[in-house]
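What follows is a set of notes on a single structure, which appears directly below.
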Amino acid sequence: MASLVIAEHNGLALDEGTAKTVAAAAQISQPVHILVAGQACGAVAEQAAKLGGVEKVLVADDARYAHFLAEPVAELVLSLAAGYDALLAAATANGKGVMPRVAAKLDVPQISEILSVESPDIFRRPIYAGNAIQTVEAKGFKKVITVRVAAFTAVAKDGNAAIEPVAAAADPGISQFVSENLSRSERPELQGAKIIVSGGRGLQSKDNFVLIERIADKLGAAVGASRAAVDAGFVPNDRQVGQTGKIVAPELYIAVGISGAIQHLAGMKDSKVIVAINKDESAPIFGVADYGLVADLFEALPELEKALDQK
Amino acid sequence: MKVLVPVKRVIDFNVAVRVKADRTGVDLANVKMSINPFCEIAVEEAVRLKEKGIATEVVAVSVGPQGASETLRTALAMGADRAILVKHDGELEPLTVAKILRGVCAEEKPELVILGKQAIDDDCNQTGQMLAALLGWPQGTFAAKIDIEGGRIAVTREVDGGLQSVSLSLPAIVTTDLRLNEPRYASLPNIMKARKKPIAEKSVADYGVDPTPRLKVLEVREPEKRKAGGKVASAAELVSKLRERGVI
């Protein structure tokens with residue numbers, strides 16, 4: 001019949017994860033439509049219309065969707081669900097909030113964080129923090145899916161989909177947005193970055209994290225951290241890479257002063273190339289690293305910075 | 001207000017999981033089982049609400065095999081007042097659990113249900129949101145902080161770019177993130193006391209829910225292992241290797 005992808009965006013820009021979710025949707029059921037729910041989100045709709053293989057972009061432009069609260073957004077998705085045999089969203093805080101509500105109201109199971117589409121009814125997904133991979137079959141009911149976007153390749157931006165407004169659905173009126181405190185950074189977002197430089201407990205202090213940031217800026221990279229570094233207060237929560245933080249798969253992941261707890265590996269082991277810098281030769285991070293440098297990071301990072309300056 | 005805390009019994013988070021040779025699942029035989037860490041945070045938050053005089057009663061509930069009564073004892077030792085075990089052997093999908101919990105809510109009439117954001121076995125991250133939808137309640141997922149005031153609950157949520165604060169009408173669902181609190185260790189006297197607290201036993205049929213899974217698990221296998229590469233001697237060598245590889 002068709003699949004509907006719920007767009008991830010910040011009101012101005014479409015998140016790269018949406019193009020990856022579209023890639024998953026196209027393997028399940030075509031044509032693919034995108035739903036952009038937000039307020040004054042016309043620019044997002046235009047970006048969504050450019051995604052390859054998308055037939056139609058539905059725009060629900062209304063104040064009740066300004067902050068993407070799960071309660072009204074789930075009602076909106078439900079109001080459109082009848083026309084689709086698959087509903088998909090990226091496995092972000094937004095997607096994880098909305099989709100189970102949709103699935104429950106449709107009385108269908110949800111398939112969380114798919115890694116691949118083996119056939120339109122069969123999906124692979126991680127369990128036990130990625131220490132096991134489950135293959136599940138979903139047959140005979142509407143599919144409600146969240147997508148681990150790091151596992152999919154984005155569709156090209158060569159499309160020209162029609163943009164259509166859709167009516168807002170009833171707002172249950174049980175939740176209100178109060179405020180948000182988002183970390184502003186000139187650096188790329190963790191989940192879309194081609195290169196990530198992450199620091200761990202080995203950095204020893206918040207101030208020392210500047211060493212990581214300087215390398216990141218030389219490489220145009222995002223800055224990540226291990227849970228230990230976040231718990232120690234070196235960096236804010238949203239920098240955390242790992243099972244309970246962000247799951248990433250950049251072209252290059254540089255882990256500095258990170259021992260490589262299972263928790264952290266679960267969040268980054270699918271990176272294309274992994275570099276580990278650690279003074280402990282037996283650190284588990286070296287077990288997954290393509291290039292390992294056994295060194296004191298306080299000597300290695302300034303040297304790395306110098307080496308990057310030399311062309 | 002009465003607070004309901006659903007808890008799940010899972011493989012202890014320190015245990016390395018092994019996939020069964022026949023690829024039907026993960027080996028659970030003779031493996032240490034514990035309360036799911038996010039559920040433990042949920043129990044702690046509920047007990048703190050009681051200590052602040054906001055919650056009047058904390059009821060823990062678990063859906064699972066007889067062994068889940070140990071998980072409920074953990075919750076009771078932390079400070080829950082009583083517990084309900086909905087007995088079931090075998091796999092249950094989050095939607096099934098949510099339907100059973102809807103039945104428990106109909107009987108218990110809690111004003112707040114606090115759940116872990118996900119269980120560390122199936123990593124689904126669904127049950128709380130599904131329960132909220134089935135009840136028509138609002139949800140404060142991935143909570144880093146909660147405040148109850150004037151008949152509403154303020155929830156600070158961990159979202160992708162930072163923190164978001166929402167205000168929800170009660171009754172409501174909260175799902176816990178890692179940093180909501182640090183759960184206490186139960187003291188020996190409290191562990192002893194917990195043995196005397198009541199655990200009511202129920203069955204899935206008591207709630208009129210069909211427990212048959214609808215997703216079919218075809219296979220469970222180990223993830224592809226990544227091979228370690230070589231060591232480099234210096235930062236300069238590292239940079240030249242990365243340039244050769246074309247990643248910088």
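The values are calculated or read from the model by the stated rules, or taken from the named source; none is laboratory data. Owing to the predicted nature of the structure, the values given are computational and were not obtained by experimental measurement. Every residue, glycine as well, gets a Cβ built from its backbone with ideal geometry; the counts of neighbours run over all protein chains shown. In case anyone asks, the SASA skips ligands and DNA or RNA and just uses the protein heavy atoms, side chains included. Shrake-Rupley method; radii C 1.70, N 1.55, O 1.52, S 1.80 Å.
For segment A:179-292, what number of Lys pairs, 8 or more residues apart or on separate chains, have alpha-carbon atoms under 21 Å from each other?
11
Provide the net charge surrounding B:GLY208, with neighbours chosen by a C-beta distance below 13 Å and charges set as Lys +1, Arg +1, Asp -1, Glu -1. Intermediate results must be reported in sequence, preceding the final value.
Details: positive: B:LYS99, B:ARG102, B:LYS202; negative: B:GLU107, B:ASP206, B:ASP210.
Here the charged neighbours net out to 0.
Which order, highest average first, do B:21-32, A:97-108 follow once you tally other Cβ atoms within 10 Å for each residue and take the mean per peptide?
Details: B:21-32: 11.1, A:97-108: 25.0.
Those peptides, ordered most packed to least, come out A:97-108, B:21-32.
By the gyration tensor of its Cα atoms, with a ≥ b ≥ c the square roots of the eigenvalues, what is the shape of the protein assembly as shown: rounded for a/c under 1.5, prolate for a/b over b/c, or oblate? Could you put the intermediate results ahead of the total?
Values: a/c = 1.59, a/b = 1.22, b/c = 1.30.
Cα axes put the protein assembly as shown in the oblate bin.
Relative to the first principal axis of the alpha-carbon coordinates of chain A, what is the inclination of helix A:70-80, with its axis defined by its Cα atoms, in degrees from 0 to 90 and to the nearest 10?
50
Given the rule -39500 (n - 2.57) for each run of at least 4 DSSP H residues, summed and divided by the residues of chain B, what is its mean residue ellipticity at 222 nm, to the nearest 500 deg cm²/dmol?
That calculation yields -8500 deg cm²/dmol at 222 nm.
Please determine, in degrees from 0 to 90 and to the nearest 10, the orientation of helix A:93-106 with respect to the longest principal axis defined by the Cα atoms of chain A, where the helix direction is its Cα long axis.
So the inclination is approximately 30 degrees.
Compute for segment B:135-248: radius of gyration divided by Kirkwood radius, i.e. Rg/Rh, restricted to C-alpha atoms, rounded to two decimals.
Details: Rg = 25.1 Å, Rh = 21.1 Å.
A ratio of 1.19.
Report the extension gain between A:LYS157 and A:SER183 in nm, rounded to one decimal, defined as 0.36 nm multiplied by the number of residues separating them, less their alpha carbon distance.
Working: separation 26, 0.36 × 26 = 9.36 nm, distance 2.80 nm.
Length gained between A:LYS157 and A:SER183: 6.6 nm.
What net charge do the residues around A:THR92 carry, taking every other residue with its C-beta under 13 Å from that of A:THR92, with Lys and Arg at +1 and Asp and Glu at -1? Write down the numbers at each step before the final one.
Details: positive: A:LYS20, A:LYS96, A:ARG148, A:LYS246, B:ARG157; negative: A:GLU8, A:ASP15, A:GLU16, A:GLU113, A:GLU189, A:ASP238, B:GLU158, B:ASP160.
My count for the surroundings of A:THR92 gives -3.
Rounded, prolate or oblate: which fits segment B:2-222, taking a ≥ b ≥ c as square roots of the Cα gyration tensor eigenvalues, rounded meaning a/c under 1.5, else prolate when a/b beats b/c? All intermediate terms of the calculation are to be shown ahead of the outcome.
Working: a/c = 1.44, a/b = 1.29, b/c = 1.11.
Rounded shape, in that the Cα axes give a/c under 1.5.
Just read off the accessible area of A:GLU251 with the full protein assembly in place, 1.4 Å probe, to the nearest 10 Å².
80
What does the extension gain come out to for A:LYS279 and A:SER119, with contour length at 0.36 nm per residue minus their alpha carbon separation?
That works out to 53.1 nm of additional length.
For segment B:30-72, list residues with backbone N below 19 Å from a point placed 7 Å from the Cα of B:GLU201 toward its Cβ?
Once the point is set 7 Å along Cα→Cβ of B:GLU201, B:60-72 turn out to lie under 19 Å by backbone N, inside segment B:30-72.
If you count, for every residue in A:132-145, the Cβ atoms of partner chains within 10 Å of its Cβ, what is the mean?
Numbers: counts 13, 7, 11, 7, 7, 6, 3, 3, 1, 2, 0, 0, 1, 0.
Across A:132-145, the average partner-chain Cβ count within 10 Å equals 4.
Going by the alpha-carbon gyration tensor, a ≥ b ≥ c the square roots of its eigenvalues, is segment A:1-121 rounded (a/c under 1.5) or, if a/c is not under 1.5, prolate (a/b greater than b/c) versus oblate? Don't skip to the answer; put the middle values down first.
Working: a/c = 1.57, a/b = 1.16, b/c = 1.35.
It is oblate, given that a/c is not under 1.5 and a/b is not larger than b/c.
Under unit Cβ charges (Lys, Arg +1; Asp, Glu -1), what dipole magnitude, rounded to 20 debye, does segment B:2-222 have relative to its Cα centre? Provide the component values of the computation, followed by the final result.
Details: 30 positive and 30 negative charges, 101 e Å.
Magnitude of the dipole: close to 480 debye.
So if I take the centroid of the Cα atoms in segment A:244-278 and the same for segment A:149-218, what is the distance between those two points in Å?
17
How big is the gap, in Å, between the Cα center of segment A:288-311 and the Cα center of segment A:1-76?
Comparing the Cα centres of segment A:288-311 and segment A:1-76, I get a distance of 41 Å.
If R0 is 41 Å, what FRET efficiency do you get for B:LEU218 and A:ALA13 from their C-beta distance, rounded to 0.05? Write out the running numbers ahead of the final one.
Values: r = 38 Å, r/R0 = 0.93.
Approximately 0.60, to the nearest 0.05.
Taking every DSSP beta bridge with both residues inside the protein assembly as shown, roughly what % is antiparallel (nearest 5)?
On the way: 40 of 116 bridges.
Roughly 35 percent of the DSSP beta bridges within the protein assembly as shown come out antiparallel.
Ignore the peptide's own chain and count Cβ atoms of other chains within 10 Å of each Cβ in B:14-26; give me the average, rounded. Kindly include the intermediate steps, with their values, before the conclusion.
Working: counts 1, 1, 3, 6, 3, 6, 1, 0, 0, 2, 0, 3, 5.
Partner-chain Cβ atoms within 10 Å, mean over residues of B:14-26: 2.
Tilt of helix B:37-51 relative to the longest C-alpha principal axis of chain B, in degrees (0 to 90, nearest 10)?
40
Using the beta-carbon distance between B:GLU149 and B:GLU57 and R0 = 22 Å, what value does 1/(1 + (r/R0)^6) give for FRET efficiency, to the nearest 0.05? Intermediate values should be presented prior to the final figure.
Values: r = 20 Å, r/R0 = 0.90.
That pair, B:GLU149 with B:GLU57, gives E of 0.65.
Excluding same-chain pairs closer than 8 in sequence, count the lysine pairs in segment B:54-188 whose Cα atoms lie under 20 Å apart.
Numbers: B:LYS87/B:LYS99; B:LYS99/B:LYS109; B:LYS99/B:LYS117; B:LYS117/B:LYS145.
For segment B:54-188, the number of qualifying lysine pairs is 4.
Return the value, in Å² to the nearest 100, of accessible area buried between chains A and B (probe 1.4 Å, both sides summed).
Interface area, both chains combined: 6400 Å², rounded to the nearest 100.
Between segment B:66-136 and segment B:182-248, what is the separation of their alpha carbon centroids in Å?
19
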